[in-house]
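Single-structure report; data block below.
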Amino acid sequence: MKVSTPGRICLFGEHQDYLNLPVIAAAVSLRMQIEGGIRGDRQIIINMPDINRIESINLDLPLVYSQKKDYFKSSIKVLQGLGFTFSKGMECTLRSNIPINAGTSSSSAMVVSWLNFLSRMSDQQKVLSPHQLAELAYRAEVLEFNEAGGMMDQYSTSIGGTIWIESLPEIKTKNYKNIPGYFILGNSREPKDTQSILSRVKGGVLDIVVKLKNFDNNFLLHTVQVNELKKYRKLLQDSEYELLSGTIINRDITRKADALLSGPCIDEKLFGQLLTEHQIILRDIQKISTNKIDKMIDAALEAGALGAKINGSGGGGCMFAYASANAENVCEAIKQISGEAYIINISEGTKIEM
């Protein structure tokens, strides 16, 4: 059996989902594949030729985590907690063309693929829905290791397409129609420290929220308007006020994008402008961009892209550009800076290929 799951780009709402604010993401045509079957013993063998690594799990031994992000074991643990059993081992091979540690959700694509594979290979041979896989992947990847991320990666890679995701008062998603034009992904090849950036930005905003709620118990990130922020100005340091303002502006950009994508037709120029407006906040206020990624974005815009932004938590990794035409020119311009760029398509979610 072969399971395939896409990577993702975050169109709008970067650094919003862990604040329970909505995001808009898109699954892309770079994918993670797991192919394998049942063994005759109680060993699980996971071959990863892309990174020259093999991992093994003995089902007869206690399931103890042996590394910081032991997602293969945590996925088994989450399934076992729901009553799944594994009387036989299995062997599989992982292959992927999703950039690793670059903001394109390679880890979530792996966890969703692995859970999809495991549930079907279990004694129960159960087929889980995309929403179920997303929820379990969030448990295995984020909750199990007390990490700082939200739910965007798991839901966008599992469900696929271009998707709106909100988590309050409960998780809710909706898919948009196809977006015309082209997306071009560029990899800066700069290493990124996702958890450090998430903790800095998330921790900063959450501290602000606590401070403002002590002053105004009705304060909510979901409802406060930009023109209302001035009444909180004296309570906050300059950097705090700037971070709060950027968070609310990005929230409103996401809402504008939702209205645009939900309409009868998509204004491609406006769509690109919203992407670039989002990038300006991420670069100048949340400070998650890098000089190299800024140069890649500038090169894309100069080559005819309608918009561009950093992708993922930032501090390195990937950016993407949007173009209505001349995608090859935009791709080449990005490549001149980074050496690695792809024209990508919006793709379907996790699936069985054979």
For this session: Among the residues of segment 309-354, count how many are assigned to a helix (DSSP H, G or I) and free of Cβ contacts under 8 Å to residues at least 40 places away in the same chain.
Result: 5
Problem set entry | Any chance T157 is part of a helix (DSSP H, G or I), under 17 Å from P22 (Cα atoms), of a type outside the set (G, A, S) and not assigned by TED's automatic domain parsing to the domain that holds R255 | yes
Problem set entry | Within segment 262-316, considering residues that are more than 24 Å from T173 (Cβ to Cβ) and either among the hydroxyl-bearing types (S, T, Y) or in the same structural domain as D17 (by TED's automatic domain parsing) (or both), the one nearest to the chain's Cα centre (by Cα) | S289
Exercise. When you look at K202, is it in contact with a His (Cβ under 9 Å, 6 or more places away or on another chain) and of a type in the set (K, R), yes or no?
Worked result: yes
Problem set entry | Of the criteria (1) surrounded by 12 or more Cβ atoms within 10 Å (Cβ to Cβ); (2) free of Cβ contacts under 8 Å to residues at least 60 places away in the same chain, which one R189 fails | (2)
For this session: Kindly indicate whether S66 is touching a residue at least 40 places away in the same chain (Cβ under 8 Å) and closer than 30 Å to E190 by Cβ.
Result: no
For this session: Hey, can you tell me all the residues within segment 314-332 that are farther than 17 Å from N345 by Cβ and surrounded by 24 or more Cβ atoms within 10 Å (Cβ to Cβ)?
Result: G314, G316, G317, M319
Problem set entry | Residue selected from segment 4-25 under the condition in a strand (DSSP E or B) and of a type in the set (S, T, Y), by the criterion nearest to C92 (Cα to Cα) | S4
Problem set entry | Given (1) assigned to a loop (DSSP other than H, G, I, E, B); (2) farther than 18 Å from G312 by Cβ, number of the condition P191 does not satisfy | (2)
Seminar exercise, completed: Conditions (1) at pLDDT 95 or above; (2) outside the structural domain of T104 (by TED's automatic domain parsing); (3) over 30 Å from G304 (Cβ atoms) -> I165 fails only (2)
For this session: Taking the options I285, I280, I297, name whichever one is among the β-branched types (V, I, T), more than 17 Å from A102 (Cβ to Cβ) and touching a helix residue (DSSP H, G or I) at 6+ places or on another chain (Cβ under 7 Å).
Result: I285
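Here's the yes/no breakdown for (1) of a type in the set (K, R); (2) within 16 Å of V23 (Cβ to Cβ):
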| residue | (1), (2) |
| --- | --- |
| F72 | no, no |
| Q80 | no, no |
| G103 | no, yes |
| S106 | no, no |
| E135 | no, no |
| E147 | no, no |
| I171 | no, yes |
| K177 | yes, no |
For this session: Consider Q33 carefully, then state whether it is touching a Gly at 6+ places or on another chain (Cβ under 6 Å) and of a type in the set (S, T, N, Q).
Result: no
Exercise. Considering only residues of segment 4-23 that are among the aliphatic types (A, V, I, L, M) and surrounded by 24 or more Cβ atoms within 10 Å (Cβ to Cβ), which is nearest to the chain's Cα centre (by Cα)?
Worked result: I9
Exercise. Considering L133, L143, which residue is over 14 Å from T350 (Cβ atoms) and either out of contact with any Pro (no Cβ under 9 Å at 6 or more places or on another chain) or touching a residue at least 60 places away in the same chain (Cβ under 8 Å) (or both)?
Worked result: L143
Exercise. What's the number of the condition T194 fails, among (1) of a type in the set (V, I, T); (2) buried (at least 22 other Cβ atoms within 10 Å of the Cβ); (3) in the same structural domain as R251 (by TED's automatic domain parsing)?
Worked result: (2)
Exercise. Pick from K231, K256, K202, K192: which is farther than 27 Å from P6 by Cβ and charged (D, E, K, R)?
Worked result: K231
Seminar exercise, completed: R251 fails exactly one of (1) touching a Ser or Thr at 6+ places or on another chain (Cβ under 9 Å); (2) buried (at least 19 other Cβ atoms within 10 Å of the Cβ); (3) modelled with pLDDT of 95 or more, namely (1)
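The values are calculated or read from the model by the stated rules, or taken from the named source; none is laboratory data. Predicted model, so just to flag it, every value in this text is computed and none were measured. Ideal geometry is used to build each Cβ from the backbone, glycine not excepted, and the neighbour counts take in all protein chains shown.
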